[in-house]
1. With θ set to phi - 60°, apply the Karplus curve 6.51 cos²θ - 1.76 cosθ + 1.60 along the stretch 174-181 and write out the HN-Hα couplings as whole Hz, x wherever there is a Gly or Pro.
2. What are the ³J(HN,Hα) values, in whole Hz, obtained from phi via the Karplus relation 6.51 cos²θ - 1.76 cosθ + 1.60 with θ = phi - 60°, for each residue of the stretch 154-169 in sequence order, with x given for Gly and Pro?
3. Residues with amide H under 5 Å of Tyr94's amide H, sequence separation 5 or more or different chain, H placed in the peptide plane at 1.01 Å from N; which?
4. What FRET efficiency would be calculated for the residue pair Gln227, Val153, taking the C-beta separation as r and a Förster radius of 30 Å, to the nearest 0.05?
5. Read phi for every residue in the stretch 34-48 and hand back ³J(HN,Hα) as whole Hz from Karplus 6.51 cos²θ - 1.76 cosθ + 1.60, θ = phi - 60°, with x for Gly and Pro.
6. Any chance you could run the full-extension gain for Asp160 through Lys283? It's 0.36 nm times the residue separation minus the Cα-Cα distance, nm to one decimal.
7. So if we plug the beta-carbon distance of Ser79 and Lys180 into 1/(1 + (r/R0)^6) with R0 = 41 Å, what FRET efficiency do we get, rounded to 0.05?
8. Only Cα pairs under 8 Å and at least 6 apart count here; give the relative contact order of the chain as a rounded whole percent.
Amino acid sequence: MTLMQLEYIMEIYHCGSMNKAAQNLFVSQSAISSAIKELEEELGISIFVRSNRGISLTEEGQEFIAKIHPLLLQAKEVSLFYTGKNGPINNHLYISTQRYPFCAKAFVEFLKKQNDPFFRYGFKECPMGKVIEEVHNGKSDLGIIFLSDITEVFLSKLFDSKNLVFHEMKRLRPHVFMNKVHPLAQKEEISLDELKNYPFVIFSKKEESSLNFSEEAVLSQNIEYSQIIYVNDRATAYNIIAHTTAISTGSGVLPEGYYDPRISAIPLASPVCDMCIGWISRKGELLSQKAKEFVEILEEQIKKY
């Protein structure tokens with residue numbers, strides 16, 4: 001099975017005609033017919049049904065098209081990445097981050113400065129453990145996470161084992177997120193004990209939760225919550241907090257236009273561990289120019305708070 005055979009099949013499928021496909025591919029119809037026949041014999045399936053009305057997919061052919069479509073897209077992506085119209089596409093950057101609005105804003109500001117004809121940029125919000133794996137496996141160039149005094153030792157050892165390095169940007173006092181008519185909304189500070197009286201929103205599934213990987217700044221500080229709500233995305237968390245007395249905690253960095261205006265962020269009263277916000281990268285690897293640009297924008301965003 002060759003990539004060329006797969007391209008022939010996909011073109012026939014799109015055209016609904018072997019003759020038309022041959023014209024589009026600048027090959028003879030006999031060459032396409034022979035290539036398809038060889039592949040059908042190799043795989044032991046029948047891909048097309050030929051009749052006086054044209055050519056159509058068999059049931060096996062429909063299944064085959066579904067399987068080869070992503071392969072052809074990936075092949076095209078690889079070709080474009082290394083050749084493009086003006087040479088190799090060096091403008092690529094993939095970011096993984098915990099669910100921070102300021103990271104989304106930094107990424108948008110980064111995009112506004114891009115004017116290259118070809119690029120590949122990606123931004124993914126996911127749990128801390130996933131962020132670490134994305135960078136470790138090379139799927140992301142950078143990962144944005146936070147450490148606390150309690151988790152720093154564990155995570156530092158984990159970074160060493162995965163050949164990663166953590167770059168601190170800023171230490172922030174944790175804040176409590178709540179709606180603006182919440183019973184605690186008028187307080188200047190909120191104590192840890194007061195949090196126990198309200199449902200707590202957590203970004204994780206119960207079976208996957210770990211204090212060392214928590215996204216909520218106070219989960220690792222020996223507080224027992226009787227009411228916990230597990231969510232997987234920021235929009236759901238915002239809606240729950242905006243419409244109920246549920247609360248959550250985080251950095252308190254809420255740039256305008258990137259958070260729900262129905263929500264307030266109030267600082268936690270001491271004693272509480274600071275959040276150490278930073279980014280991780282693979283040890284020994286130099287950052288690309290695009291990665292440097294993003295980090296510079298990110299640091300500018302967080303310095304405002």
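The numbers here are math on the coordinates, done by the rules we state, and not lab data. Just so we're clear, the structure is a prediction, and the values are computed from it rather than from any experiment. Don't worry about glycine lacking a Cβ; one is built from the backbone with ideal geometry, like all the others, and counts go over all protein chains shown.
1. x, 10, 9, 8, 7, 6, 6, 10
2. Listing the rounded values in order: 4, 5, 4, 5, 5, 4, 4, 5, 9, 6, 10, 10, 9, 10, 6, 10 Hz.
3. Counting only residues 5 or more places away or on other chains, the set is Gly122, Asp141, Leu142.
4. That pair, Gln227 with Val153, gives E of 0.50.
5. Those phi angles translate into 5, 5, 5, 4, 4, 5, 4, 5, 5, 8, x, 9, 10, 8, 10 Hz.
6. Separation in residues times 0.36 nm, less the Cα-Cα distance, equals 43.4 nm.
7. Efficiency, from the Cβ-Cβ distance: 0.20.
8. Relative contact order for the chain comes out at 22 percent.
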